[in-house]
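Structure record follows, encoded as structure tokens.
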Amino acid sequence: MSKTKIVVLQMKELVYTGIFVGLGILLIILLIVMFYPSSDEEAAQAVDSSSVETNTYTPGIYNSQMQLGETTLNLEVVVDESQIKSVSFVNLDDSVTTMYPLVKPSLEYLEEELVAGKAIDEITVNEKSKYTQTMLIDGIKNALSKAKAKN
């Protein structure tokens, strides 16, 4: 006759082992997903960089009107074929700069960034003048939409 061996496994040990194996597999999958580059992201980056390079403007001076309180400001954007040359106000009055002291420094900051070649969508706005810079960026985008070259 054969002897029967009885193996006693406690249920608690089986449950803990199953949980740890499951967490280990989940961790490995998470690491693979996080650090493995997807081809979709690479293709999207390639499209973004090529579209930035192919965007050209019709050289000239383009204006955009902005409403600031009860004052209408004319924003002037000068562009050549490939980049922005300058951004300025046409009729910035001393009373406007007194009432809205962040307008002029905000525009100077945006002009520095744009003339240096930074894309308008990549400019980070300062928390202190978030509303003012956002309003100016919208005005600049409006003027640049008029400057886009027709292909």
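Every number in this text was worked out from the coordinates using simple rules, so none of it is lab data. Every value quoted in this text rests on a predicted model; they were computed, and no experiment measured them. With ideal geometry, Cβ positions are generated from the backbone for all residues, glycine too; neighbour counts draw on all protein chains shown.
Enumerate the calculated ³J(HN,Hα) couplings along segment 12-17 in order (Karplus 6.51 cos²θ - 1.76 cosθ + 1.60, θ = phi - 60°), each rounded to whole Hz, writing x wherever the residue is Gly or Pro.
4, 5, 5, 5, 4, 5
Pull out the extension gain between SER86 and GLU70, defined as 0.36 nm times the separation in residues minus the alpha carbon to alpha carbon distance; nm, one decimal.
Values: separation 16, 0.36 × 16 = 5.76 nm, distance 2.57 nm.
3.2 nm is the gain from fully extending SER86 to GLU70.
Taking 0.36 nm per residue of sequence separation and subtracting the Cα-Cα distance, how much length would be gained by fully extending the chain between PHE20 and ILE61, in nm to one decimal?
Numbers: separation 41, 0.36 × 41 = 14.76 nm, distance 6.62 nm.
Here the answer is 8.1 nm.
Taking a cut-off of 23 Å between Cα atoms, list the lysines near LYS141, but don't count ones fewer than 8 places away on the same chain.
Counting by Cα, and skipping residues close in sequence, LYS141 has these lysines nearby: LYS85, LYS104, LYS118, LYS128, LYS130, LYS150.
Using the Cα centre as the reference, give the magnitude of the dipole from point charges on the C-beta atoms of the chain (Lys, Arg: +1; Asp, Glu: -1; all else neutral), rounded to the nearest 20 debye.
Numbers: 12 positive and 20 negative charges, 217 e Å.
Dipole magnitude for the chain comes out near 1040 debye.
Using the 10 angstrom Cβ neighbour count as an exposure proxy, how do SER129, SER64 rank, fewest first? Let's see the in-between values first.
Working: SER129 17, SER64 20.
Final ranking by Cβ density, sparse to dense: SER129, SER64.
Under a 5 Å amide H to amide H cut-off, with H placed in plane at 1.01 Å, what residues pair with THR56 once short-range neighbours are removed?
ALA149
Can you compute the label reach from VAL125? Point 7 Å from Cα along the Cβ direction, backbone N cut-off under 18 Å, restricted to segment 65-86.
65-69, 73, 75
Given (i) 0.99; (ii) 1.09; (iii) 1.46, which label gives Rg/Rh (Cα atoms, Kirkwood Rh) as computed from the coordinates?
Given (i) 0.99; (ii) 1.09; (iii) 1.46, the calculated one carries the label (iii).
With an 8 Å Cα cut-off and a minimum separation of 6 or more residues, compute the relative contact order for segment 58-151 in percent. Write out the running numbers ahead of the final one.
Numbers: 118 pairs, mean separation 28.7, N = 94.
The value is 31 percent.
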